[in-house]
Amino acid sequence: MIDEQEFRTHAANAMSQLQRALEKAADTYGFDVDSKEGALAIEFEDPPAKFVISPNAPVRQIWVSALVRSFKLDWSGDANTFVLPDGKTLTALIAEVAGTQLGETVVF
């Protein structure tokens, strides 16, 4: 397991990259992105929903709440990003759940 400072650095970079990608895609796909206290929220109007992405330092994971599910991603040094146990990256996960919510393929 990585130490807390290393986690915070990787998490801050991952969240920043994800926020930039989401902000670029927001107008195209019709959702809003908000950042507050290190967490990101994606809000959909039609159909209505809110997804939350947040770092969880004590367990060194990024947690995603979306589609009435919870996803927990760990840092992978090999992939140089946060991943699910199946290897899916944070960005790929968010694109997938956003696409499911919107009923279309979402690409960042």
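The GluC sites (Glu not before Pro) of the stretch 1-74 that DSSP puts in a loop, and whose beta carbon has at most 13 other beta carbons within 10 Å, are GLU37.
Listed by chain and number, the aspartates and glutamates placed with their C-alpha closer than 18 angstrom to that of LYS72 are ASP3, GLU4, GLU6, ASP86, GLU96; residues fewer than eight positions away on the same chain are left out. Extending 7 Å from the Cα toward the beta-carbon at both ALA79 and SER16 defines two label points whose distance is 2.2 nm.
What the Kirkwood sum gives for the stretch 25-108 is a hydrodynamic radius of 13.3 Å, with every pair of different alpha carbons counted. The calculated FRET efficiency for the pair GLN5 and THR28, based on their C-beta separation and a Förster distance of 35 Å, comes to about 0.45.
Computed from the coordinates by the stated procedures, all read-outs in this text should not be read as laboratory data. Nothing here was measured: the structure is a model prediction, and the numbers come from that model. All Cβ positions, even for glycine, are placed from backbone atoms using ideal geometry, and neighbour counts span all protein chains on display.
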